Structures are given as C-alpha cells and as structure tokens.
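Each remark here refers to the structure printed beneath this line.
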Amino acid sequence: MTIRMRVGQLIAFFFRSLLWSLNLFLVLYTCMAYWLLYSLQIEHWLAGMIMISIPVAWFLNLVIVFLWLITRPWRSWLSGLTLLIGILLFGSRTFVWHRPTEIVSQGTPLKVFSYNVQTFGELEYWQLPQSVPRVRRTLSYVLHYDAPIKCFQEFYSSTKIPDYDIVGRFQKAGYNYAAFLHPKMAHAVNGDIGIAIFSIYPIVESGREVFDTHNGIVWANIKIGNDTIRVINVHLHSMGIRVGKVLKQKQIKGVQHETRGVLSALRTGFIDRNEEVRKVEQYIQNSPYPVIITGDHNDTPYSVVYERLRRILPNTFEEAGRGFGFSYNRLPGFIRIDHQFHDPKIPVLDFETINYIKYSDHYPIAGTYLIK
C-alpha cells in the first residue's frame, strides 16, 4: 500500500512539475507577445505570427488557471496576473460595450458603411441568362441600407444582366458620385472593380493605388455641407487562413499539405501588409482634410497593421462598438479583420458589426460620425 502511495505521489509530482514548466513557458511566450505588440520594435513576419496568437495564449493561460485552482490554487496567480496584464493593455481592442452617443452639438450625422461583398457571389452565376435569388437579396440589401457613404471590397458589376448592373443601380438610387480601384470596369460585361466608394455627397477629388487584382487603396475627398473629409477604403493582402480546407482533409498528408499552405500564405500576408500599411499612412499624412479609414484590413487587432494605424487614428470599434465585433464569417470565425479608424476631429457616435447579414465571408460594418 505504501509503495502504491509513493508511486502515485511521484506520478502526481511529475505531472505537477510538467504543468508548472509549461506554465512558465506559456507566461514567457505571452509576455513576449505583449512586448512585441506594445513596442513594435520588431516587425518581422515571425513576430507578427506571435502577436496574432495572443488570444490563443490567453485561452491557454485561462485553462491553466483552472487546472491550478483544482490542484494547487496558490500557483494560479502567475497565469492569472498574465491575463490581467493583457486585459489592461489590450482589453479595449478585444471586447467593448458602448451605447450609441446622442447628438448634443450641431452637426451632420454621417454613416459610413463598409462591406467585403465577395463579388456578390456573381462570379458563380454570371454566365447564366438571368439573375439568381441569392445575388438579388445581397444586392437589395446593400442598395437599401441607409448610409450616404458606402464602401465595398471585392466589388463586382456586370452590364450583361440588368440586376447585376450594380454601378448603374447605385446611380439610380441617388449615389451619383463614385470612385473605383478599376474604373474601366465600371460599365463592363465582366466588371471586376475590386474596391469602390459610393456617395450621395459630392466627391471633389479621388485617387487609387493598385496592389494586385483586388487589393489596393481608393480614397475620396467628399464635401459635406461646408466641410470636406477624406474617406480611405482599403483592402490589404489576404490573411490566407483556410481552416476549412485543413479540416476537410481525411488523410494526414492532406492536412500537412494544407497546413503548410496556410503557414506560407500567412508569412506572405504579413510581409505584404506591412508594406501596404505604410502606403495607407502616407495617404493619411498627406490629406488636407480629416480622415476616415475603412475596409478589409485582413489583420486582427493584435497585428502590426492595426497597431500602426491605431497610433495615428483612434479605432471606431474601440470607441463606440459593442461586444467582440468579430467580422469574419468563416472558420475560425472569432477574428475581427474589418476595421474603421477616424480622425479625432470627427467624433464617433456609433459603430456596429452587422453579424446577422451572412451573404459574404465577411460581415458588414458601419460607423456613424458627427461632421461639425
């Protein structure tokens, strides 16, 4: 009996020691991720991988806290303190709960709607002789949503079928001003426009910069009453996260192949987006007017892209959003990669992630601002 007890004690001691060692490693890893994001001293793609893993590190620390509470409660303080530091540093970019701000001063409320529409699904059906219900529902939603400025990524239009002539339908709906990443495609049979800004207010000047087919920057100086603002619509390089493809593999070789593909795409994405965000910064710094940035940034709030923009302009979700604000409508699903940033001269009244609209692989976002 004594030998069995000693063996049991040794096994328990071994697993506690192993758990404590893993706990120490996890805490060091988490703190390193905090330092990388907080300081931005290193912007290498590998550092980017560590930064965006912060939510995963939080979850693992939380699991360890519960394990220690069951066995050795006093040891739970280490991961608990690590979690507390993370909440203090990055809590507002993770979860917020704000109520819409009431208008207490004179000004014009301005809603900026942004949506990666995934070509409206039209590329699946554009060869058909007539439109299909799924596309019509999507188009009806974006046309009738009540916002004077609408920004799109992966925008597509076709003159082949009247329902799919989206540029023409926006003009008939009162959006007489527009700016496109590929303006020559605006009235084409197969109009892969990419990025688009529509406005009921006059666009006095606009510009664009193409990164590749769908990715780039479109900006527009929009006159609202006696004021002018610059709206910058961006679509940065894809994250390359295709978790669904990995999970669908039935053989280990297939899983390995898809995993290598995801990691390679993540690496390329980090490198490209870090270069692209510097171009976005130039359009902000060179603007003679207050700026609102919106679009599909393809990066989480724990990334170099987000942190660099956040140091220039406040993030609208953090100031007026509610909940977690997850904007990606695919696996893994718990990430926020569509963002809006705004000049402090343009107060924010409200921000919404419209997560009940599931036409695309992204959810629409909408920020409401006060133009004084």
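The values are calculated or read from the model by the stated rules, or taken from the named source; none is laboratory data. Since the model is a prediction, treat every value here as computed from it, not as a measurement. Cβ placement follows ideal geometry from the backbone for every residue including glycine, while neighbour counts extend to all protein chains displayed. Side chains included, ligands, DNA and RNA excluded: accessible areas come from the protein's heavy atoms. Shrake-Rupley method; radii C 1.70, N 1.55, O 1.52, S 1.80 Å.
Things worth noting here:
- Filter result (open to solvent by 20 Å² or more (accessible area, probe 1.4 Å), in contact with an Asp or Glu (Cβ under 8 Å, 6 or more places away or on another chain) and either farther than 14 Å from Gly321 by Cβ or not aromatic (Phe, Trp, Tyr) (or both)) within the stretch 354-372: Thr368, Lys372
- Contact annotation: no residue pair with Cβ atoms under 6 Å, 6 or more positions apart or on different chains, pairs a residue in the stretch 119-144 that is farther than 18 Å from Val167 by Cβ with a partner that is open to solvent by 50 Å² or more (accessible area, probe 1.4 Å) and of a type in the set (D, E, K, R).
- For the stretch 352-366, a tally of residues being within 14 Å of the chain's Cα centre (by Cα) and under 19 Å from Pro100 (Cβ atoms) returns 8.
- Hits in the stretch 147-185 (condition: more than 16 Å from Phe120 (Cβ to Cβ) and outside any loop (DSSP other than H, G, I, E, B)): Ile149, Gln171, Lys172, Tyr177, Ala178, Ala179, Pro183, Lys184
- Tabulated pairs, the stretch 146-160, first more than 15 Å from Met185 (Cα to Cα) and in contact (Cβ under 8 Å) with a residue 60 or more places away in the chain, second assigned to a strand (DSSP E or B) and open to solvent by 10 Å² or more (accessible area, probe 1.4 Å), C-beta under 8 angstrom, 6+ apart or interchain: Ala147/Lys111; Ile149/Lys111
- Among the residues of the stretch 204-220, those that are assigned to a strand (DSSP E or B) and either surrounded by fewer than 19 Cβ atoms within 10 Å (Cβ to Cβ) or in contact with a Pro (Cβ under 7 Å, 6 or more places away or on another chain) (or both) comprise Val204, Glu205, Gly207, Arg208, Glu209, Val210.
- The stretch 273-296 residues that are under 11 Å from Ile229 (Cα atoms), paired with ones that are surrounded by 14 or more Cβ atoms within 10 Å (Cβ to Cβ) and charged (D, E, K, R) (beta carbon under 6 Å, 6 or more apart): Ser287/Arg230; Tyr289/Arg230; Pro290/Asp343; Val291/Arg230; Val291/Asp343
- Qualifying residue in the stretch 310-322 (condition: under 30 Å from Ser140 (Cβ atoms) and open to solvent by 20 Å² or more (accessible area, probe 1.4 Å)): yes
- Condition met for Tyr289 (more than 15 Å from the chain's Cα centre (by Cα), modelled with pLDDT of 90 or more and of a type in the set (Ser, Thr, Tyr)): yes
- Count of residues meeting criterion [under 15 Å from Leu40 (Cα atoms), in a helix (DSSP H, G or I) and open to solvent by less than 10 Å² (accessible area, probe 1.4 Å)] in the stretch 275-305: 3
- Cβ-Cβ distances below 8 Å connect the following pairs, each with a first residue in the stretch 21-41 that is in contact (Cβ under 8 Å) with a residue 12 or more places away in the chain, a second residue that is open to solvent by less than 90 Å² (accessible area, probe 1.4 Å) and of a type in the set (D, E, K, R), and a separation of six or more residues or different chains: Asn23/Arg75; Leu37/Glu307; Leu40/Glu307; Leu40/Arg308.
- Residues of the stretch 113-132 satisfying the condition of being at pLDDT 95 or above and in contact with a helix residue (DSSP H, G or I) (Cβ under 9 Å, 6 or more places away or on another chain): Phe113, Tyr115, Val117
- When Asp350, Asp272 are checked against the criterion of being under 14 Å from Leu236 (Cα atoms) and either open to solvent by 20 Å² or more (accessible area, probe 1.4 Å) or of a type in the set (Val, Ile, Thr) (or both), Asp272 stands alone in meeting it.
- Summed over the stretch 52-104, residues that are over 16 Å from Leu26 (Cβ atoms) and within 29 Å of the chain's Cα centre (by Cα) total 18.
- Filtered by the rule that a residue be outside any helix (DSSP H, G or I), at pLDDT 95 or above and touching a Pro at 6+ places or on another chain (Cβ under 8 Å), the stretch 316-337 gives a lone residue, Arg336.
- Residues that are open to solvent by less than 50 Å² (accessible area, probe 1.4 Å), hydroxyl-bearing (Ser, Thr, Tyr) and farther than 22 Å from Thr353 by Cα within the stretch 120-165 comprise Ser131, Tyr156, Ser157, Ser158, Tyr164, listed in sequence order.
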